[in-house]
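Single-structure report; data block below.
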Amino acid sequence: MALKRPVIAFLRAVFYNFHMNIYLHGARIMDPSSGLDAVSDIFISDGKITRIGPLGPMTMPEDTCRIEADGLIAAPGLVDIHVHFREPGFTYKEDIETGSLAAVAGGFTTVVMMANTKPCVDSVETLQMLKARIESVNRQIPLHILPSATVTKGLLGRELTDFVSLSDAGAVGFTDDGIPILDETLLQNAFSLAEKVGRPVSLHEEDPRLITENGINAGAVSSALHLTGSPREAEISMIRRDIEIANRTGAIVNIQHISTKEGVDLIRAARAVNPRIHAEATPHHFSLNENAVLKYGTNAKMNPPLRTEEDRLAIIEGLADGTIETIATDHAPHAAEEKSRDFTAAPSGITGLETALPLGITHLVLPGYLTMMQLLKAMTASPASLYNLPCGIREGAPADLVLFDPEAVQRVDRFYSRSCNTPFAGAELTGVVQFTIADGKISYRNQEETVSWKNRPQRS
């Protein structure tokens, strides 16, 4: 299948970066933070939501962008706490600019970058360099990009980074994502430091000592492909251990991309007594099971792997009852050449920012597993709460919003990401992002004809 790649001229036509007055007329406002679900208008000025309710034409300020939002849902901008923008070090896969374009096209206004770059973010110097690059890109593409730092120096699992200095310099959390931390004493010390600085620690839970070949579940499909695969106990054992350490230290801990039924059960029991333990699920883990590997090959290879249908349904149940609070994409771009290798040699991971919302609508809301409000909570208020971020549609709040059509169907055949390693290419999914507004600026718009202007600002 030929995938469409937007050219720069087209991008400049749909992405904007200047403050303006914006009037959203007739949107269905859905705000999980307040429970608001009503059709109304929103007026935005100077980066803030200044009014919710009708604004008469006689009081419409000059230079106002009026968006006819009938049939669209206006929700808080989506928040993804688990993305890989690959910069520095792996910009042939993705960089902060292309990752940002993918994010805003997917309706995201805030993302948390993982720290396993090259060099990894284990020093204040690297963090400051990264923040300068983020600031440069933000001048063109409005998006809140929050950097994390590594737990251990060099991602080697031997020596802790300086949590205090990195936190003071702007690291919003700590993670060795991609590499599990095996030293229990080291991890306990990390949790204690994280608790002192008030930052969450996010954990990749796979014990490599139990895995021969990663990226595929140890089961019927791996056997059919003559592969050993990754046993479920590799995840279960690490989650069990880290819950015990979290309970001893009082740290805020986020268990990343849960893939097993037993993992969901462990989190459910843990959260009943310790609300500082959190968990996330990815769209690919609630949308697919291990059989996808037979159809999509390496584009369905990820860590942790897709598991059984029973595991997929357990993840959905965990999202429905609040055990798993957050949906995070684990957006992990790789070059086509890398994914075309033999299964055991190809890297694990798929892109996810541009398909996350429609996958949630298609596989969670339409079948009746979650309400739309539950889906939006898992993609906005819950992940924002983990990092103490503002999130909600109310007067005086930051103007971070997504407007999407919950009934429109799209074919996934165009990517703003530099990479398109995903099993969802060519899929027909319900839900189309029409506008993303970050910091009161239109960062993405999908349909030109939905916009009318009063004295439209001219761009040089």
Residue among 320, 332, 328 that is over 22 Å from residue 178 (Cα atoms) and either crowded, with 17+ Cβ neighbours inside 10 Å or hydrophobic (A, V, I, L, M, F, W, C) (or both): 320
Residue in the range 287-305 that is farthest from residue 246 (Cα to Cα), counting only those that are surrounded by fewer than 22 Cβ atoms within 10 Å (Cβ to Cβ) and hydrophobic (A, V, I, L, M, F, W, C): 294
Residue that is buried (at least 23 other Cβ atoms within 10 Å of the Cβ), touching a residue at least 12 places away in the same chain (Cβ under 8 Å) and assigned by TED's automatic domain parsing to the domain that holds residue 145, where the choices are 376, 403: 376
Top-ranked residue of the range 42-64 - restricted to ones that are buried (at least 18 other Cβ atoms within 10 Å of the Cβ) and of a type outside the set (S, T, N, Q), ranked as modelled with the lowest pLDDT: 55
Test: residue 16 is modelled with pLDDT of 95 or more and either farther than 30 Å from residue 278 by Cβ or small (Gly, Ala, Ser) (or both): no
Given (1) small (Gly, Ala, Ser); (2) surrounded by fewer than 20 Cβ atoms within 10 Å (Cβ to Cβ); (3) in contact (Cβ under 8 Å) with a residue 40 or more places away in the chain, index of the condition residue 69 fails: (2)
Which numbered condition residue 85 misses (of (1) surrounded by fewer than 24 Cβ atoms within 10 Å (Cβ to Cβ); (2) of a type in the set (Phe, Trp, Tyr); (3) under 21 Å from residue 256 (Cα atoms)): (1)
Some residue of the range 239-255 being crowded, with 23+ Cβ neighbours inside 10 Å and assigned to a loop (DSSP other than H, G, I, E, B): yes
Search result, residues across the range 259-286 that are out of contact with any helix residue (DSSP H, G or I) (no Cβ under 6 Å at 6 or more places or on another chain), crowded, with 24+ Cβ neighbours inside 10 Å and in a loop (DSSP other than H, G, I, E, B): 282
Filter result (in a helix (DSSP H, G or I) and out of contact with any helix residue (DSSP H, G or I) (no Cβ under 7 Å at 6 or more places or on another chain)) within the range 84-105: 98, 99, 102, 103, 104, 105
Index of the failed condition, residue 67 passing every other in (1) in contact with a helix residue (DSSP H, G or I) (Cβ under 9 Å, 6 or more places away or on another chain); (2) closer than 26 Å to residue 382 by Cα; (3) of a type in the set (A, V, I, L, M): (2)
Residue 163, sole failed condition from (1) of a type outside the set (A, V, I, L, M); (2) touching a Ser or Thr at 6+ places or on another chain (Cβ under 9 Å); (3) closer than 18 Å to residue 387 by Cα: (2)
Extreme residue, farthest from residue 325 (Cα to Cα), among residues of the range 263-283 that are in contact with an Asp or Glu (Cβ under 8 Å, 6 or more places away or on another chain) and of a type outside the set (Lys, Arg): 263
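The rows are residues; the columns are (1) surrounded by fewer than 15 Cβ atoms within 10 Å (Cβ to Cβ); (2) touching a His at 6+ places or on another chain (Cβ under 9 Å); (3) more than 12 Å from residue 152 (Cα to Cα).
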site	(1), (2), (3)
180	no, yes, no
186	no, no, no
199	no, no, yes
208	yes, no, yes
213	no, no, yes
218	no, no, yes
223	yes, no, yes
230	no, no, yes
Neighbours by Cβ (under 8 Å, 6+ apart or cross-chain): first from the range 302-315, touching a residue at least 12 places away in the same chain (Cβ under 8 Å); second of a type in the set (Phe, Trp, Tyr): 312/286; 315/286
Candidates 272, 246, 218 - the one that is more than 21 Å from residue 386 (Cβ to Cβ) and either at pLDDT 95 or above or hydrophobic (A, V, I, L, M, F, W, C) (or both): 218
The one condition in (1) modelled with pLDDT under 95; (2) among the small types (Gly, Ala, Ser); (3) under 20 Å from residue 351 (Cβ atoms) that residue 443 fails to fulfil: (1)
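Here's the yes/no breakdown for (1) out of contact with any Pro (no Cβ under 7 Å at 6 or more places or on another chain); (2) without any contact (Cβ under 8 Å) to a residue 60 or more places away in the chain; (3) on the phi > 0 side of the Ramachandran plot; (4) surrounded by fewer than 22 Cβ atoms within 10 Å (Cβ to Cβ):
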site: 106; (1), (2), (3), (4): yes, no, no, no
site: 128; (1), (2), (3), (4): yes, yes, no, yes
site: 141; (1), (2), (3), (4): yes, no, no, no
site: 158; (1), (2), (3), (4): yes, yes, no, yes
site: 161; (1), (2), (3), (4): yes, yes, no, no
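The values are calculated or read from the model by the stated rules, or taken from the named source; none is laboratory data. Please read all numbers here as calculations on a predicted model, not as lab measurements. Methodologically, a virtual Cβ is constructed for each residue, glycine included, from the backbone with ideal geometry; neighbour enumeration extends over all protein chains shown.
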